[in-house]
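Each value in this text was obtained by applying a stated rule to the coordinates, not by laboratory testing. Worth saying up front: this structure is predicted, and the values here are computed from it rather than measured. All Cβ positions, even for glycine, are placed from backbone atoms using ideal geometry, and neighbour counts span all protein chains on display.
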Amino acid sequence: MDNTLQYSLMRRGNLKRCVDTVVEAFSTYEYFTNYFPDETTRLQCMRRIIHSEYRTTFGLVPTLVAEHNGEIAGVCQLFSPSYKKPTDLQYLLHGWLRVYMTPARQAVDEWLKMDAAAGEPCHQLIGGSTWYLSSITIAPAFQRQGIGRKFMEEYIEPYVIEHGGTEIVLFTNSEGNRRFYEKLGYQLFHTTSFTYNGHTMGSWSYRKEIK
């Protein structure tokens, strides 16, 4: 397979396709299944959370897209050292209220607490020339083909360097993803875990100097 990729910033017209890609790719991750075991509820909550996040932060943070022959192969959201979190009102205006229009409101609250705690070790390091890689998604149809490495090495890391960054921090809750980042030279600097409804999930934070 020719795995040549075309890179760009996410366009507003591409937002829904990017959301669909992220939901499909992460729908079976413990990060979501532990909190939303029912598939229908999980997909609904994921779609609303991610759609609201992308709409609210559009133009405020760079969301990078990798395409292959017009299909979205990967999506990455980055936070620069100068990023300022949108206000609650901005989130509400961009669909966040719909996130709570579900019977799983308590699970949503618990998931948000976990998400904030999992990202805190990285957020403490953001500043100066340190960027935060909030998420990188590879569409299921493009996984295990080296696309993730190409996306990181050809576009994500160079993008950060071009914008003055010298370090990237991130966290993952997947053992498989840990191996991926370690092969790319990311170094573990924090480990924790989260338990919900009897299920315990690891959380690992990584950093890498880039140049």
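For the range 159-207, which positions are of a type outside the set (Val, Ile, Thr), assigned to a strand (DSSP E or B) and crowded, with 17+ Cβ neighbours inside 10 Å?
Once the filter is applied, which keeps residues that are of a type outside the set (Val, Ile, Thr), assigned to a strand (DSSP E or B) and crowded, with 17+ Cβ neighbours inside 10 Å, the range 159-207 yields Glu167, Leu170, Phe171, His190, Phe194, Met201, Ser203, Trp204, Ser205, Tyr206, Arg207.
Would you confirm, using the coordinates I've provided, whether Glu175 is closer than 26 Å to Thr21 by Cβ, out of contact with any helix residue (DSSP H, G or I) (no Cβ under 9 Å at 6 or more places or on another chain) and charged (D, E, K, R)? I'd like the intermediate steps shown before the answer.
Numbers: closer than 26 Å to Thr21 by Cβ: yes; out of contact with any helix residue (DSSP H, G or I) (no Cβ under 9 Å at 6 or more places or on another chain): yes; charged (D, E, K, R): yes.
Yes: the conditions hold for Glu175.
Please work out which one of (1) within 20 Å of Cys76 (Cβ to Cβ); (2) in contact (Cβ under 8 Å) with a residue 60 or more places away in the chain; (3) not in a strand (DSSP E or B) is the condition Arg144 fails and give its number.
Every condition holds for Arg144 apart from (2).
Can you tell me which residue among Leu133, Leu125 is under 15 Å from the mean Cα position of the chain (by Cα) and either surrounded by fewer than 16 Cβ atoms within 10 Å (Cβ to Cβ) or touching a residue at least 24 places away in the same chain (Cβ under 8 Å) (or both)?
Within the list Leu133, Leu125, the selection yields Leu133.
Name the one entry in Thr4, Thr21 that is out of contact with any strand residue (DSSP E or B) (no Cβ under 6 Å at 6 or more places or on another chain) and not hydrophobic (A, V, I, L, M, F, W, C).
Result: Thr4 is the single residue among Thr4, Thr21 that is out of contact with any strand residue (DSSP E or B) (no Cβ under 6 Å at 6 or more places or on another chain) and not hydrophobic (A, V, I, L, M, F, W, C).
Is there any pair with a first residue in the range 47-59 that is at positive phi and a second that is assigned to a helix (DSSP H, G or I) and surrounded by fewer than 20 Cβ atoms within 10 Å (Cβ to Cβ) whose Cβ atoms are under 9 Å apart and which are 6 or more apart or on different chains, and what are they?
Gly59/Arg12
Mind counting the residues in the range 172-205 that are touching a His at 6+ places or on another chain (Cβ under 8 Å) and without any contact (Cβ under 8 Å) to a residue 60 or more places away in the chain?
Of the residues in that region, 1 qualify.
Is there a residue being touching a Cys at 6+ places or on another chain (Cβ under 7 Å) and under 22 Å from Arg11 (Cα atoms) anywhere in the range 107-114?
Let us first name the residues in the range 107-114 that are touching a Cys at 6+ places or on another chain (Cβ under 7 Å), namely 108.
If we keep only those that are under 22 Å from Arg11 (Cα atoms) too, we end up with none.
Checked the range 107-114: no residue is touching a Cys at 6+ places or on another chain (Cβ under 7 Å) and under 22 Å from Arg11 (Cα atoms).
Which residue, of Ser134, Ser129, Ser80, is over 26 Å from Thr41 (Cβ atoms) and out of contact with any Ser or Thr (no Cβ under 8 Å at 6 or more places or on another chain)?
Checking each option against the conditions leaves just Ser80.
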